[in-house]
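Let me begin by presenting the structure, written as structure tokens, before commenting on it.
Quick note: the coordinates plus some simple rules give every number you see, no bench work behind them. All values derive from a computational prediction rather than experimental measurement. With ideal geometry, Cβ positions are generated from the backbone for all residues, glycine too; neighbour counts draw on all protein chains shown.
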Amino acid sequence: MINADYSQVISILALRLGLNAGDFSFGTAVGIFNSIVSITLVLIVNAIAKRYQANLF
């Protein structure tokens, strides 16, 4: 692909390092870190949305 080097996200990086390079522990660590950051962001945005209680519809 032409843009494969520029469009790589952290999930794809974890997949490539874990499966293709054979570094399963690093791929797992990156995946867990990605999940923790994602859950933290969702909880923060949820708390902000509950604080303002704006009707979206």
Notebook entry, point to check: Taking the Cα atoms of the chain alone, what are Rg (to one decimal) and Dmax (as a whole number) in Å?
Noted result: 16.6, 48
Notebook entry, point to check: Using r as the Cβ-Cβ distance of Ala47 and Leu13, and R0 as 35 Å, what FRET efficiency do you calculate, to the nearest 0.05?
Noted result: 0.75
Check: What FRET efficiency, computed as 1/(1 + (r/R0)^6) with R0 = 22 Å and r the Cβ-Cβ distance, is obtained for Tyr6 and Ala29, rounded to the nearest 0.05?
Finding: 0.35
